[in-house]
1. Using each residue's phi in segment 30-38, evaluate 6.51 cos²θ - 1.76 cosθ + 1.60 at θ = phi - 60° and report the 3J(HN,Hα) Karplus result to the nearest Hz, with x for Gly and Pro.
2. Starting from the exponent 0.38 and prefactor 2.2 Å, build the expected Rg for segment 27-180 from its residue count and divide its actual Cα Rg by it.
3. Show me 95-103, 52-60, 148-156 ranked by packing, highest mean number of other Cβ atoms within 10 Å first.
4. Tell me, in nm to one decimal, what length is gained between residue 55 and residue 101 on full extension, where the rule is 0.36 nm per residue of separation less the Cα-Cα distance?
5. Percent of Cα-Cα pairs per 10 Å bin, from 0 to the last occupied bin, for segment 26-83, please list those.
Amino acid sequence: LNSSVSMLLHVYCTDCNCSDIEIAEDSIIVALHNYPSIGQAELTMRMGDRLTVTTDDGDFMIVKSVTTERESYIPTNYTAKVTHRWLYTRVSRLKAVELLMLPENRNGSFLIRESETNTDPYSYIDSVKHYRISHLPNGWLFISPGLTFPSMQHLINHYTGEDNADGLCCKLTKPCYIGGLENIRPAPVVIRRPTLNWKNIRRSVIFQQKRTESGHSLVSEGLREAISSYLQMTEDSDLSWDT
């Protein structure tokens with residue numbers, strides 16, 4: 001991260017009574033507004049939805065909401081880019097608050113964004129607390145003086161660790177909710193069956209030859225360690241099988 005860019009941490013906190021505190025990979029696109037925003041038309045995208053970009057001409061883009069599966073032609077500033085799941089760009093302070101106030105967020109939900117100015121006030125809005133992330137001359141980061149980190153990821157790892165509020169209003173739990181992330185197809189589950197007992201299994205189970213295949217074929221479909229394989233008989237005198 002650019003050491004000249006001021007960063008702010010925003011935390012949704014519902015169960016604390018803390019006072020005002022002044023503390024000096026792949027990216028995805030997220031909707032910052034409901035669209036359309038007026039009238040009674042059915043929404044094609046909702047604030048916080050993950051979007052896929054079909055066309056981007058700079059000022060406007062065609063996007064498709066992962067949750068509604070409908071397309072919208074919207075201004076680019078209706079969207080934010082999210083990196084590392086928690087680092088937001090093109091997001092104002094007020095919009096960060098609105099995102100964290102979505103009902104899907106829970107105590108400790110958080111996001112980090114670039115500060116609009118170096119003099120952003122530290123006032124609290126509703127249940128969202130704001131903390132400035134500062135840079136040392138050597139590039140290390142800190143929220144609370146005396147507790148520094150070599151990177152933003154190290155900072156997040158610390159404050160999301162067990163019992164590591166360390167001066168914040170509460171421990172960080174999960175990044176701000178993004179609708180549609182759960183719709184990503186998970187990796188397939190690979191299940192391996194128990195190893196066959198080759199001493200007791202019948203030959204007819206091991207080698208199954210289709211009726212349409214020639215009876216003189218040296219290739220047959222069978223099982224090897226419970227994995228479907230193609231077996232080929234070698235020309236050796238012992239008539240062994242290779243896979």
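Bear in mind these aren't lab numbers, they're just calculated from the coordinates by the rules spelled out. None of the values given here were measured: they were computed from a predicted structure. All Cβ positions, even for glycine, are placed from backbone atoms using ideal geometry, and neighbour counts span all protein chains on display.
1. So the Karplus estimates, Gly and Pro as x, are 10, 6, 9, 9, 6, 9, x, 8, 10 Hz.
2. 1.13
3. On the way: 95-103: 17.8, 52-60: 10.9, 148-156: 15.8.
Descending packing order for the listed peptides: 95-103, 148-156, 52-60.
4. 13.6 nm
5. Histogram of Cα-Cα distances, whole percents per bin: 26, 60, 13, 1.
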